[in-house]
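Notes for the one structure printed next.
The numbers here are math on the coordinates, done by the rules we state, and not lab data. Being a predicted model, the structure only gives us computed values, none of them experimental. A quick note on method: Cβ atoms are made from the backbone with ideal geometry, for glycine too, and the neighbour counts reach across all protein chains shown.
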Amino acid sequence: MEKSRLDKLLARQGFGTRKETGRLIRRGMVCVNGTVCTVPDTHIDINSDVLSVAGEAVILQREIYIMLNKRAGTVCTAKSSLYPSVFDELSDNTLCSVSDGNLHAIGRLDLDTEGLLLLTTDGVLTHRLISPKSHISKTYQITLAQAVSPEEQRMYCERIANGIIIAPDGSDGEYECRPAQLAFQDELHCTLVITEGRYHQVKRMIAACGNTVAYLRRTAIGLLQLDSSLAPGAFRHLTQKELELLV
């Protein structure tokens, strides 16, 4: 039997903070097995009890899946003494505490990189998305430090499409990248789609072309696009349709 507090469970399903779900319950908006429940700390059997909120059935998710628009200046580790963590962005109800599992980031973005970051308690999904064998695509918007002529743009695209060799960086040695797709919007802005995740890979690929990344933002993982309405640092739960794009 797998049980969880009712207010905690509803918070995990995206109905608000613990305080908000507690108020929802006390107002008589929540039913358990067809009966109104007004006690927030009621324990629910996740496998057998049936919940509804304001008359709408709740399909329980055992895992947490969060889309966060990472802002520059934050790190993806849970604890950091030098820089703010992406986990500091989570509201006071601390989604870490309402989880029955370990909330973690799927992969990492550099300190100065912005954009799509997924947080989850689902270790199976994490393994699938970061495994080199999965070849899950990641899409990045890049602003270059130096303008690139049309002829140079063709050279960049061709080299990256053929599998560019990147120089060593830290403990990661020289590496021949898988073929990737680079497309230019103008002389300074381009989009790169890669299917692997080496250390500082995007920056190293651009450096191998003879340029420098001035700004970097991840906009998609596989078919999942970053919600354009999320401000930097903002987050929300994935919808079921979005989750299905990843599994």
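Going 7 Å from the Cα of Asn102 toward and past its Cβ, which residues in the range 6-24 have a backbone nitrogen under 13 Å from where you end up?
Hits in the range 6-24 for Asn102 at 13 Å: none.
Residue by residue through the range 151-160, what is 3J(HN,Hα) from phi via Karplus (6.51 cos²θ - 1.76 cosθ + 1.60, θ = phi - 60°)? Round to whole Hz and write x for glycine and proline.
Once rounded to whole Hz, the list reads 5, 5, 4, 4, 5, 4, 4, 5, 5, 6.
Using the beta-carbon distance between Arg62 and Ala208 and R0 = 51 Å, what value does 1/(1 + (r/R0)^6) give for FRET efficiency, to the nearest 0.05?
0.75
Quick one: which residues, 5 or more positions from Tyr65 or on another chain, have an amide H under 5 Å from its amide H? H modelled 1.01 Å from N in the peptide plane, none for Pro or chain starts.
So Tyr65 has HN proximity to Leu238.
Under 15 Å from the Cβ of Val202, count the other residues' Cβ atoms, weight Lys and Arg +1, Asp and Glu -1, and hand me the total.
With Lys, Arg at +1 and Asp, Glu at -1, the net is +4.
Run lengths n ≥ 4 of DSSP H only: what is the helix-derived mean residue ellipticity at 222 nm for the chain, with -39500 (n - 2.57) per run over all residues, to the nearest 500?
Taking each H run of at least 4 residues, the total per residue is -6000 deg cm²/dmol.
If I stretch the segment between Val124 and Ala78 completely, what's the gain in nm (0.36 nm per residue apart, minus their alpha carbon distance), one decimal?
So the extension gain works out to 14.6 nm.
Going by the alpha-carbon gyration tensor, a ≥ b ≥ c the square roots of its eigenvalues, is the range 1-45 rounded (a/c under 1.5) or, if a/c is not under 1.5, prolate (a/b greater than b/c) versus oblate?
Oblate shape, in that a/c is at least 1.5 and b/c is the bigger or equal ratio.
Report the full-extension gain for the segment Tyr215 to Val193: residue separation times 0.36 nm, less the Cα-Cα distance, to one decimal in nm.
Contour length minus Cα-Cα distance gives 6.4 nm.
For the range 1-60, which trypsin sites (Lys or Arg not before Pro) pass both filters: DSSP loop (anything but H, G, I, E, B) and at most 13 other C-beta atoms within 10 Å?
Within the range 1-60, the qualifying trypsin sites (Lys or Arg not before Pro) (loop, at most 13 other Cβ atoms within 10 Å) are Arg27.
Note down the relative contact order for the range 4-146 as a percent, whole number, built from C-alpha pairs under 8 angstrom at least six residues apart.
Answer for the range 4-146 is 20 percent.
Which aspartates and glutamates, if any, have their Cα less than 14 Å from the Cα of Lys19, not counting same-chain residues under 8 positions apart?
Asp7, Asp41, Asp92
Need the full-extension length gain, Thr35 to Gln146, defined as separation in residues times 0.36 nm minus the C-alpha distance. One decimal, nm.
Net length gain for the segment: 33.5 nm.
Take Leu111 and Arg154, extend 7 Å from each Cα along the Cα→Cβ direction, and tell me the distance between the two endpoints in nm.
Placing both labels 7 Å along Cα→Cβ, they lie 4.0 nm apart.
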